[in-house]
Amino acid sequence: MQAGQREKAADYLYAFANHASASRVWREEQPVRETHSAEICGDMPHNWASVEFIRLVRNLVVLETFTGVELLTRTAGGMAAKGWRQSGFWKKTPTRFGKLSLELSVRGKGGYLLSVAREDGNQQPQYLRLHWAGKAVLDGGELEKSNGKYLLPLEEKQVCIELF
């Protein structure tokens with residue numbers, strides 16, 4: 001994610017999820033019996049794998065940088081293209097800039113309402129940047145863009161943005 005490989009991060013997420021066992025834990029890869037190999041690659045579930053899976057999902061939605069927060073880094077472009085039909089939310093996820101809550105609601109065909117609320121933390125972000133391939137409207141006007149991403153107003157603690 002930090003290296004800008006957002007599409008690759010989503011590929012890893014799917015691959016990671018597909019390698020969970022039936023008991024929903026991850027194990028190190030085991031050699032196939034037909035190889036007649038005496039080597040063993042591991043034998044215990046890895047608790048850290050579950051944590052890394054959740055971190056990857058979170059970073060696709062809320063990605064902290066040293067100076068600000070990137071929102072919907074991978075999911076936004078894919079949602080519009082695939083006709084995402086589910087609502088979702090993150091409540092008070094901690095960041096170095098304070099707790100952040102997001103709620104995305106489906107608003108008819110191809111439209112969404114994104115609510116972003118933040119509580120102050122120890123540091124102030126220099127930016128809150130929304131990755132959205134379509135149009136983002138706040139209070140009747142399109143949000144300002146920087147490097148092709150929408151900038152959310154920092155002075156507001158809560159905003160509701162219409163996404164098309």
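The values are calculated or read from the model by the stated rules, or taken from the named source; none is laboratory data. Fair warning: this is a prediction, and the values are worked out from it, not measured in the lab. Using ideal geometry, Cβ is built from the backbone for each residue, glycine included, and neighbour counts are taken over all protein chains shown. For the accessible areas, the whole protein counts, side chains as well, though only heavy atoms, and no ligand, DNA or RNA atoms are used. Shrake-Rupley method; radii C 1.70, N 1.55, O 1.52, S 1.80 Å.
Miscellaneous remarks
- Selected residue [surrounded by 14 or more Cβ atoms within 10 Å (Cβ to Cβ), touching a Pro at 6+ places or on another chain (Cβ under 9 Å) and at pLDDT 85 or above] from Thr67, Thr95: Thr95
- Residues satisfying the stated conditions in the stretch 118-164, i.e. hydrophobic (A, V, I, L, M, F, W, C), open to solvent by 30 Å² or more (accessible area, probe 1.4 Å) and under 21 Å from Arg96 (Cα atoms): Leu151, Leu154
- Count - residues of the stretch 114-162 that are within 22 Å of Glu64 (Cα to Cα), in a strand (DSSP E or B) and either free of Cβ contacts under 8 Å to residues at least 40 places away in the same chain or of a type outside the set (Gly, Ala, Ser) (or both): 17
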